[in-house]
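Encoded as structure tokens, the structure appears first; notes follow it.
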Amino acid sequence: MPVVVRQIETVVKDRALIERRHDQICIAASHLFARKGYHQTSVREIAEAARLSVGSLYTYINTKEDILLLVYQRLFTLFQEKMSEAMVKGGDPPAQLKEAIEATLKLYDDYHDLVLVLYQESHTLRREALQQLFEVDRRYVSMVQAIIEQGGREGHFVAKEPNLVAIAILFLCAVWPLKHWNMKRYDLATVTNAVIDLVLNGIGGGHGLPDDRTAD
């Protein structure tokens with residue numbers, strides 16, 4: 001199911017044509033934002049990369065912020081599609097969660113530079129746009145939460161706060177693009193295996209936390 005953010009007003013009314021042009025604009029902008037950054041990229045550069053005139057581009061968007069929203073929308077849609085695929089083919093909840101983490105980290109790796117730009121530039125969006133993106137993020141979290149809750153019902157997981165655990169897992173995955181500068185000695189496979197092992201097995205080796213009541 002596609003992610004829905006606010007409808008971008010356009011002069012053109014042909015929905016199929018709008019979708020094609022938005023795809024062109026989004027692909028061009030994604031490459032430029034990843035390479036140059038949002039503020040350093042001009043609308044003219046995006047138009048040229050999309051093989052449109054500036055005037056034609058503005059029949060499909062109103063502002064540069066609309067282009068940033070298109071990029072967010074396409075990326076979130078891709079994440080949601082990959083998460084849905086992982087849930088379908090994963091088997092039991094631990095296998096689903098493993099597939100979900102692998103898919104999320106793979107996407108973060110594929111779109112590393114763009115994800116970093118989007119994290120950095122989200123504050124430039126207006127309040128309405130931000131609220132809708134927050135809602136999209138909550139949907140993505142809810143998909144992971146559903147896996148954790150199902151695993152709890154089947155006795156695979158013990159999570160008192162499934163929503164909080166889901167947020168923590170996805171934030172742990174986001175460390176790969178956000179802290180990549182400090183993780184250059186690791187490859188994607190190493191990071192993926194480490195995150196999966198931490199999430200599914202923890203670092204306590206099955207011993208849990210020490211009981212302070214028995215401490216001397």
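Every number in this text was worked out from the coordinates using simple rules, so none of it is lab data. Only a predicted model underlies this, so the values are computations on that prediction, with no experimental measurement involved. Don't worry about glycine lacking a Cβ; one is built from the backbone with ideal geometry, like all the others, and counts go over all protein chains shown.
Using the alpha-carbon positions of the range 161-206, Rg (one decimal) and Dmax (whole number) come out as 11.6, 33 Å.
Rounded, prolate or oblate: which fits the range 107-180 when a ≥ b ≥ c are the square roots of the eigenvalues of the alpha-carbon gyration tensor, with rounded for a/c under 1.5 and prolate only if a/b beats b/c? Here the range 107-180 falls in the oblate category. Each of Glu48 and Glu154 was given a label point 7 Å from its Cα along the Cα-to-Cβ line. The distance between the two points is 5.4 nm. Of the peptides 140-150, 119-129, 155-165, the order by per-residue mean of other Cβ atoms within 10 Å, starting with the highest, comes out as 140-150, 155-165, 119-129.
Find the Cα radius of gyration of the range 8-62, compare it with 2.2 N^0.38 Å by division, and give the number to two decimals.
Values: Rg = 10.9 Å, N = 55, 2.2 N^0.38 = 10.1 Å.
Output field value: 1.08.
Using unit Cβ charges (K, R positive; D, E negative) and no other charged atoms, how large, in debye to the nearest 20, is the dipole of the range 71-201 about its Cα centre? Can you show the working numbers first?
Values: 14 positive and 17 negative charges, 48 e Å.
Value, rounded to 20: 240 debye.
Where (i) 83, 54, 31; (ii) 74, 36, 31; (iii) 42, 40, 31 are the candidate values, the label of the one calculated here for Cα extents along the principal axes in Å is (ii).
Listed by number, the DSSP H helices of the chain that run 20 Å or longer by alpha-carbon position along their axis and have mean Kyte hydropathy of at least 0.0 are 64-89, 162-178.
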